[in-house]
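Engineer: My questions all concern the structure below.
The values are calculated or read from the model by the stated rules, or taken from the named source; none is laboratory data. What you see is a predicted model, and the numbers here were worked out from it, not measured in a lab. Cβ sites come from the backbone with ideal geometry, for glycine too, and all protein chains shown count toward neighbours. Note: accessible area is taken over every heavy atom of the protein model, side chains too, but ligands, DNA and RNA are not part of it. Shrake-Rupley method; radii C 1.70, N 1.55, O 1.52, S 1.80 Å.
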Amino acid sequence: MRVLKSFSSIAFITAIALFYVHQQIELVKVSYAIECKEKKIKEMLDHRQRLGYNINNLQAPSRMEQVLASRNVEIMFPRRANIVTVASLKPRAANE
């Protein structure tokens, strides 16, 4: 009877210890997941800020004019000789 009581005590203590260790491991996993998500959110916010800046710059026609003028770029329509047309891709009839 004494062996059974000591065995059950050891099993109970072991179960409690395993439960505690499991909880600690899960806590560490959740901590890493939170840290990873915070890092991803920070990167996404930085990326969003850069995209907003780029959109603001691209929407300003005066800025485009300034950039083209600073690079001495002249915009002209192409001549007919410089235009290449692509042939249509319609299948030919069998009797042609």
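Engineer: Using a ≥ b ≥ c from the Cα gyration tensor of region 47-89 (square roots of the eigenvalues), is it rounded, prolate or oblate, where a/c under 1.5 gives rounded and otherwise the larger of a/b and b/c decides, a/b for prolate?
Structural biologist: Oblate, since a/c reaches 1.5 and b/c is not below a/b.
Engineer: Set Lys and Arg Cβ to +1 and Asp and Glu Cβ to -1, take the dipole of the chain about its Cα centre, and tell me which of L45, A33, H22 lies farthest positive.
Structural biologist: Final value for the positive-end residue is H22.
Engineer: Tell me the accessible surface of V3 in square angstrom (1.4 angstrom probe, heavy atoms of protein chains only), to the nearest ten.
Structural biologist: 110
Engineer: In sequence order, what are the phi-derived ³J(HN,Hα) couplings for region 24-34 according to the Karplus relation 6.51 cos²θ - 1.76 cosθ + 1.60 with θ = phi - 60°, rounded to whole Hz, with x for glycine and proline?
Structural biologist: Once θ is set to phi - 60°, the couplings for region 24-34 become 5, 5, 5, 4, 5, 4, 5, 4, 5, 5, 5 Hz.
Engineer: OK, next. Mind checking which of R71, R48, R63 has the largest fluctuation in a GNM of the chain, springs on alpha carbons under 10 Å?
Structural biologist: Comparing R71, R48, R63 in the GNM, the peak value goes to R71.
Engineer: How big is the dipole moment of the chain about its Cα centre under a simple scheme where the beta carbon of each Lys and Arg is +1, that of each Asp and Glu is -1, and everything else is neutral? Debye, nearest 20, please.
Structural biologist: With only Lys, Arg, Asp and Glu charged at Cβ, the dipole is about 180 debye.
Engineer: Quick check: with the 1.4 Å probe, what order do V30, V86 take by accessible area, largest first?
Structural biologist: I get V86, V30, largest accessible area first.
Engineer: Still on this structure, please answer the following. Using bins 5 angstrom wide from zero, how does P(r) for the chain break down, in % of all Cα pairs?
Structural biologist: 2, 8, 6, 7, 6, 6, 7, 6, 6, 6, 6, 5, 5, 4, 4, 4, 3, 3, 3, 2, 1, 0
Engineer: So which residue, out of M64, M44, M76, gets the largest mean-square fluctuation from a GNM of the chain using Cα contacts under 10 Å as springs?
Structural biologist: Top of the fluctuation ranking is M76.
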